[in-house]
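Novice: Please read through the structure below; I'll follow up with questions.
The values are calculated or read from the model by the stated rules, or taken from the named source; none is laboratory data. Fair warning: this is a prediction, and the values are worked out from it, not measured in the lab. With ideal geometry, Cβ positions are generated from the backbone for all residues, glycine too; neighbour counts draw on all protein chains shown.
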Amino acid sequence: MATQNYKVIPRKPLRWWEKLYIPQVIAGMKITLGIMLRKPVTLKYPEERPTIPKGYRGIPTLVKDQNGREKCVSCQLCEFVCPPKAIRVTPGEIDPNAPDAEVIEKAPKAFEINMLRCIYCGMCQEVCPEEAIWLQNEYSLNGYSRDSLVHDKEKLYELGGTLPDKHLKWKKKAEAQAHGPAH
């Protein structure tokens, strides 16, 4: 049979003041008092909101340009690149009377983003050639039903608003077509 090789270490008995745990209680009260005197970190949400860090990826929305034109041209790249398949784009025809009808081939008839599936990766914004999808700084997203969290085109434009177009490529293309080919 194997012998057990272990050593018993004798402990010193507690003294009478150590049995009262007064030093430990005083140390705990000192920590509690220090925390009580600090400035609180709790915010009165929703009146007070935390600062959003730069580069935060919030909810995806659709934006219009400064002229109120839909920037989305139904290329469907956002739909194809979306990892959880949260985006659905249904292309539609452009109104022939629209000012950009001669240069823009199509526009979204329907555009939906299922916010329950969205993982806020930002790939839709990165791939959009028209800069029509933008991730907003909104982080408080809620609803009363699953259907209310499937944002349609109108809701996406309401959340996104207007974003000035720095390039104005459709305006430049329309002007180039109006003047004809350059010689």
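Novice: Could you check the stretch 131-151 and list, in sequence order, the residues that are in a strand (DSSP E or B) and among the aromatic types (Phe, Trp, Tyr)?
Specialist: Trp134
Novice: Among Tyr139, Tyr144, which is the only one that is over 13 Å from the mean Cα position of the chain (by Cα) and either modelled with pLDDT of 95 or more or surrounded by fewer than 16 Cβ atoms within 10 Å (Cβ to Cβ) (or both)?
Specialist: Of Tyr139, Tyr144, the one residue that is over 13 Å from the mean Cα position of the chain (by Cα) and either modelled with pLDDT of 95 or more or surrounded by fewer than 16 Cβ atoms within 10 Å (Cβ to Cβ) (or both) is Tyr144.
Novice: Do you know which residues across the stretch 131-158 are of a type in the set (Val, Ile, Thr) and under 21 Å from Lys71 (Cβ atoms)? First the steps, then the outcome.
Specialist: Narrowing the stretch 131-158 to residues of a type in the set (Val, Ile, Thr): 133, 150.
Answer for the stretch 131-158, where residues must be of a type in the set (Val, Ile, Thr) and under 21 Å from Lys71 (Cβ atoms): just Ile133.
Novice: Of the residues that make up the stretch 118-135, is at least one exposed (fewer than 14 other Cβ atoms within 10 Å of the Cβ), among the hydrophobic types (A, V, I, L, M, F, W, C) and within 16 Å of the chain's Cα centre (by Cα)?
Specialist: For the stretch 118-135, residues exposed (fewer than 14 other Cβ atoms within 10 Å of the Cβ), among the hydrophobic types (A, V, I, L, M, F, W, C) and within 16 Å of the chain's Cα centre (by Cα): present.
Novice: Tell me yes or no: at least one residue of the stretch 155-174 is over 17 Å from the mean Cα position of the chain (by Cα) and modelled with pLDDT of 90 or more.
Specialist: There is no residue in the stretch 155-174 that is over 17 Å from the mean Cα position of the chain (by Cα) and modelled with pLDDT of 90 or more.
Novice: Taking the stated definitions as given, is Arg69 in contact with a strand residue (DSSP E or B) (Cβ under 9 Å, 6 or more places away or on another chain), surrounded by 10 or more Cβ atoms within 10 Å (Cβ to Cβ) and closer than 30 Å to Ile113 by Cα?
Specialist: no
Novice: Would you call Ala110 without any contact (Cβ under 8 Å) to a residue 12 or more places away in the chain, among the hydrophobic types (A, V, I, L, M, F, W, C) and either in contact with a helix residue (DSSP H, G or I) (Cβ under 6 Å, 6 or more places away or on another chain) or surrounded by fewer than 18 Cβ atoms within 10 Å (Cβ to Cβ) (or both)?
Specialist: no
Novice: Based on this model, can you work out whether Pro91 counts as in contact with a helix residue (DSSP H, G or I) (Cβ under 7 Å, 6 or more places away or on another chain) and either acidic (Asp, Glu) or surrounded by 14 or more Cβ atoms within 10 Å (Cβ to Cβ) (or both)? Can you show your working first?
Specialist: Working: in contact with a helix residue (DSSP H, G or I) (Cβ under 7 Å, 6 or more places away or on another chain): no; either acidic (Asp, Glu) or surrounded by 14 or more Cβ atoms within 10 Å (Cβ to Cβ) (or both): yes.
So Pro91 fails the test.
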